[in-house]
1. So what J values fall out for the range 211-217 if you push phi through Karplus, 6.51 cos²θ - 1.76 cosθ + 1.60 with θ = phi - 60°, rounded to Hz, Gly and Pro as x?
2. Which Rg and Dmax, in Å, describe the Cα atoms of the chain?
3. Which far-off residues, 5 or more places away or on another chain, put their amide H under 5 Å from the one on residue 202, with H placed in the peptide plane?
4. In nm, to one decimal, how far is the residue 433 label point from the residue 203 one, both placed 7 Å along Cα→Cβ?
5. So, R0 is 51 Å and r is the distance between the beta-carbons of residue 134 and residue 280; what FRET efficiency does that work out to, to 0.05?
6. Restricting things to alpha carbons, tell me how big the range 268-417 is in terms of Rg and Dmax, in Å.
7. Using only Cα atoms, find the angle between the long axis of helix 297-307 and the longest principal axis of the chain, and express it within 0 to 90 degrees, rounded to the nearest 10.
8. What Kirkwood hydrodynamic radius, in Å, does the range 102-243 give when the mean of 1/r is taken over all pairs of distinct Cα atoms and then inverted?
Amino acid sequence: MKSMKETMDLFEYNAQAQLKKGSPLAYRMRPETLEEFVGQQHIIGPGTLLRRAIEADQLGSVIFYGPPGTGKTTLARIIAGTTKAHFSQLNAVTAGKKDIEAVIAQARSSMGMDGSRTILFIDEIHRFNKAQQDALLPAVEEGVITLIGATTENPYFEVNQALLSRSRIFQLNPLSKQDIEQLIYRAVKDEEKGMGAMQASITPEAVSFLAELSGGDARAALGAVELGLLTTPPGADGKLVLDVAAAEQCIQKKAFRYDKDGDAHYDVLSAFQKSIRGSDPDAAIHYLARLLEGGDLKAICRRLLVIASEDVGLAYPSAITIVKSCTDAALQVGLPEAQINLAHAVLVLATAPKSNSAATAIGAAMQDLHTKDIGTVPLHLRDSHYAGSQKLGHGVSYLYPHEYPYHYVKQQYLPDALQDMHYYEPADNKNERAIRDYLGKLKHEI
């Protein structure tokens, strides 16, 4: 006769089996071993640190960071299935500080009773506030719990520095097209967990299409496969074939990871500016398209105005005027037409000669401001438009340049402490060569 515990275990097993049976395809197809896991070979390939730690059941605290559908939760579940430690799971969306304290209390009890370890997996750990993250710290530091955190956001922005210093970060990348294709074929053929019982097939063109449009997200690809197979009627021959036409209906838009409040936004902005700076109009237009997908016109306009002075600057002084006109027009007309105005500005900047002399000059001046004795404004340059200023010597010996040939006269402008400093160095482009020649003529020939 079965004990009550055995009966409950049986009931729980049957309930979980039924739940999984009715779950989405992506959930059912989750790998249960490292051998089944697809992709991320840079962190779990044979001989890698993470794989050795999992196989030896000696995992330290880790944070898995990467876009959706790349295997963060799956890795945690594989660890749960292989470790001898107690395994607890919380989701930061629904869990609170009391839930954390309860897990830690149980972990302390288990460690005290038989020395057993506890692994705590926290999904979406970036959603925990500072107080909740701080509640984890003592237990992690003492080794009472081993933390596994999963996040789609940059942990260096979203996770407390104290927790980061006690954890190893593993970054998961979007799955490659070949990885997604492998998962699709596996899901279509698997009769136990996948769609194999339907005796359906999928054309290579449909597989390629879905893999391309999924954006490296296995969950999105498998969701489209499931929807397609469940809604596509059999052909005249009675066979169910998922082709490109049907696949297009199931994944109408590429899964595009873009959160204007997250680190992906700043990564794209960075690549955008560096592409313009590098005079690559094709890459610049590509990243403009990504930014437009995020829908934040003001952020794009602000960055373009910065680039016009920081990276093009005096090599093409009119760039700032053109960009200002384009950004004003973009903000006035709005999307989708604004994309043309912004493309105009991007191509002007990307194809213009480059100079960072303005940025370098003000950067050097600001550095001196904070690190050197900068002295006082020379007396002859001080304001003399008030009664008594001349008694103080303000402006008395100032020479008015417009009264001299070529509107120039030699006199000291920098403070005494900085009078030999040179902040602006004309760059080697047509416009600034002319500037260099002009300044040289004023200072040395006149």
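1. 3J(HN,Hα) across the range 211-217, in whole Hz: 5, 5, 7, 6, x, x, 9.
2. Gyration radius and largest Cα-Cα distance of the chain: 31.9, 113 Å.
3. Hits under the 5 Å cutoff: 242.
4. Output for this residue pair reads 5.9 nm.
5. Details: r = 45 Å, r/R0 = 0.87.
With R0 = 51 Å, the Cβ-Cβ based efficiency is 0.70.
6. Using the Cα atoms of the range 268-417, the pair Rg, Dmax is 21.7, 63 Å.
7. 50 degrees
8. On the way: mean 1/r = 0.0541 Å⁻¹.
It is 18.5 Å.
Taken together, the values in this text are just the output of simple stated rules run on the coordinates, not laboratory data. Keep in mind that what you see is a predicted model, and the values were worked out from it rather than measured. Glycine also receives a Cβ, built like all others from the backbone with ideal geometry; neighbour counts cover every protein chain displayed.
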